[in-house]
């Protein structure tokens, strides 16, 4: 049995990513279950080291898992964090479409979570249902955001916004990436919010029109087209259409009005509650 840092043992694999693998583990001293991310040193990417630094920087904020330990052996980097429950994607797989009430409740919580991250000078750049997890604790109603492998600071010297520029590839998930990401533009706070919009629409509709498109140049253009006109070609609740139009009109360096969009969702929730 492999023992990491003289107190953590790997139990079973629960996930995999570009960096390596995620395991359920256990602290052999306290018997507490944990999640352990493993990245081979030979990959030379150091994604896990960077991610652990970001987790520690965001420590003690609601919706951010705590890092218990980061280190390495001769072959691997290891990061030990809180073990969480099922993802929003797993929940979606079980219950199909979400009610508008649930979507708005998720939206409010995630917008506040993104505001916390943005206020710390970071953009996540990989917003998708797989990266939002529920707690295993009965009284913990927080949604947790994980996988900060693509996370980046949008500030220079703590106060100056990074300059706009073209990039060389798409950052994040093809399904939930913003239109700017598809056009290889530098990402900022607006793009996290646009990706959240696609995620909420996905929960409402059950699927997105571009999910079945194959990875070719023509279909990439098709995906951008379908995303661009999603509010016009699909029967969406007005609250989601207004949200999408707002975040798409944000300028590259503009600070989103988080209060405006959460209040937009809260007002719609109140209307739904009155109808019940």
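In what order do 161, 168 fall by count of nearby beta-carbon atoms within 10 Å, going from fewest to most?
Details: 161 15, 168 5.
Exposure proxy ranking, most exposed first: 168, 161.
The Cα atoms of segment 19-64 define a convex hull whose projected area, averaged across directions, is 4.1 nm².
Each part gets one Cα centre, and for segment 111-166 versus segment 9-52 those centres are 20 Å apart. Helix 47-57 and the long axis of the chain differ in direction by around 80°, with both axes built from C-alpha atoms. Could you compute the FRET efficiency for residue 184 and residue 228, with r as their C-beta to C-beta distance and R0 at 22 Å, rounded to 0.05? It comes to 0.85.
Using Cβ contacts closer than 10 Å as the measure, can you line up 73, 151 from fewest to most? Could the numbers behind the result be given before it?
Details: 73 12, 151 21.
Fewest to most other Cβ atoms nearby, the residues stand as 73, 151.
Along each principal axis, taking the top coordinate minus the bottom one, the Cα set of segment 183-224 gives 29, 28, 10 Å in descending order. The calculated pair-distance distribution of the chain uses every alpha carbon pair, bins of 5 angstrom beginning at 0, and gives 1, 5, 12, 15, 18, 17, 13, 10, 6, 3, 1, 0, 0 percent. In degrees between 0 and 90, to the nearest 10, how far off the longest principal axis of the chain does helix 100-119 point, with axes built from Cα atoms? So the helix axis and the longest Cα principal axis differ by about 60 degrees.
With a cut-off of 20 Å on the backbone N, the residues of segment 245-275 near the modelled label site 7 Å out from residue 160 along Cα-Cβ are 252-255. Rounded to the nearest 10 degrees, the angle from helix 258-275 to the longest Cα principal axis of the chain is 70 degrees.
Just check segment 119-267 against the gyration tensor rule for me: Cα atoms, a ≥ b ≥ c as the square roots of the eigenvalues, rounded for a/c under 1.5, and otherwise prolate or oblate depending on whether a/b exceeds b/c.
Details: a/c = 1.32, a/b = 1.03, b/c = 1.28.
Rounded, because the longest to shortest axis ratio a/c is under 1.5.
Binning the alpha carbon pair distances of segment 223-262 at 10 angstrom intervals from zero yields the distribution 26, 49, 25, 0, expressed in whole percent. Dividing the radius of gyration of the alpha carbons in segment 3-82 by their Kirkwood radius gives 0.94 for Rg/Rh. Note: relative contact order over the chain, using C-alpha pairs below 8 Å and six or more positions apart, is 14 percent. Annotation for residue 42 and residue 2: the two label points, set 7 Å from Cα along the Cα-Cβ direction, are 1.3 nm apart.
If R0 equals 22 Å, the separation of the Cβ atoms of residue 205 and residue 170 corresponds to a calculated FRET efficiency of about 0.45.
How much mean residue ellipticity at 222 nm does the chain get from its helices, if each DSSP H run of length 4 or more adds -39500 (n - 2.57) and you divide by all residues, to the nearest 500 deg cm²/dmol?
One gets -11500 deg cm²/dmol as the mean residue ellipticity at 222 nm.
Since every read-out is calculated from the coordinates, none of them should be taken as a lab result. If you're wondering where the values come from, they're calculated on a predicted model, not measured in any experiment. Here the Cβ is made from the backbone with ideal geometry for all residues, glycine too, and neighbour counts use every protein chain on show.
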